[in-house]
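Q: Would you mind keeping the following structure in view while I ask a few things?
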Amino acid sequence: MKLDVITLDNGKAGSIDLKDEVFAAPVRKDVLARMVRWQLAKRRQGTHSTKGISEVQGTTKKPYKQKGTGSARQGSLRSPQFRGGGIIFGPLPRDHGFELPKKVRKLAMRAALSAKNKDGKLVVIDAVTIGEAKTKALKTRLDKLGYGSVLFVGGPELDQNFVRAARNLRGVEVLPQQGANVYDILRQDTLVLSKDAVKYLEERLA
């Protein structure tokens, strides 16, 4: 299938052939959901931690005698029923990630790209570059294009002027081609791919 290629100034820069197997695949919502859950699980730090009774600082002395006080018998002030005591079965540092087959991850990426294409939210640009690192200049161009929430996927090396210009714009994200992922594609309203990114994704996913 053919798609027009534009410039950042909304000019025409020819057209490009997109592979149907990558950009017109079935949109599997179940696979997309699995992929997003996998990505978010991998992002979790898993550093939350609590102390058990053996790790809490404090005396090991019996707080009061066993009988005759009228209170329940106690053996330690580090027990969980006391303020500042240990936590029973509390969270410990761990990895929240889980395995997801490579073919499922590829299928999810194809589904995400195809979903954007199906909704008319896929744009191919000649290059993700800008002459000067000016946020105002980039915002003017994006306003003319009508992009509010947008993800730009450039080539293997990002243009630093473009990165600096986009850094302070809310709703604008910039990634290199190797960093393209399902979660960020779905999170933004419009997906803008450079011609280099299209070629890379087709080689990676076809």
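Bear in mind these aren't lab numbers, they're just calculated from the coordinates by the rules spelled out. These figures come from a predicted structure and were not determined experimentally. Note that we place each Cβ from the backbone using ideal geometry, even for glycine, and neighbour counts take in every protein chain shown.
Q: For segment 135-148, indicate whether the set of residues that are over 11 Å from Leu8 (Cβ atoms) and in contact (Cβ under 8 Å) with a residue 40 or more places away in the chain is non-empty.
A: For segment 135-148, residues over 11 Å from Leu8 (Cβ atoms) and in contact (Cβ under 8 Å) with a residue 40 or more places away in the chain: present.
Q: Could you pull out the residue among Lys116, Lys139 that is on the phi < 0 side of the Ramachandran plot and in contact with a strand residue (DSSP E or B) (Cβ under 6 Å, 6 or more places away or on another chain)?
A: Lys116
Q: Give the residues of segment 85-95 that are in contact (Cβ under 8 Å) with a residue 24 or more places away in the chain and either out of contact with any Leu (no Cβ under 8 Å at 6 or more places or on another chain) or not in a loop (DSSP other than H, G, I, E, B) (or both), sorted by residue number.
A: Passing the criteria: Gly86, Ile87, Ile88, Gly90, Pro91, Leu92, Pro93, Arg94, Asp95.
Q: Inspect segment 3-13 for any residue being under 16 Å from Leu122 (Cβ atoms), free of Cβ contacts under 8 Å to residues at least 24 places away in the same chain and in a strand (DSSP E or B) and give the result as yes or no.
A: Checking segment 3-13: not a single residue is under 16 Å from Leu122 (Cβ atoms), free of Cβ contacts under 8 Å to residues at least 24 places away in the same chain and in a strand (DSSP E or B).
Q: For a quick check of your reading: which strands (runs of 3 or more DSSP E) sit entirely within segment 96-206 and have at least 1 residues that are surrounded by fewer than 18 Cβ atoms within 10 Å (Cβ to Cβ)?
A: Filter on segment 96-206 gives 172-175.
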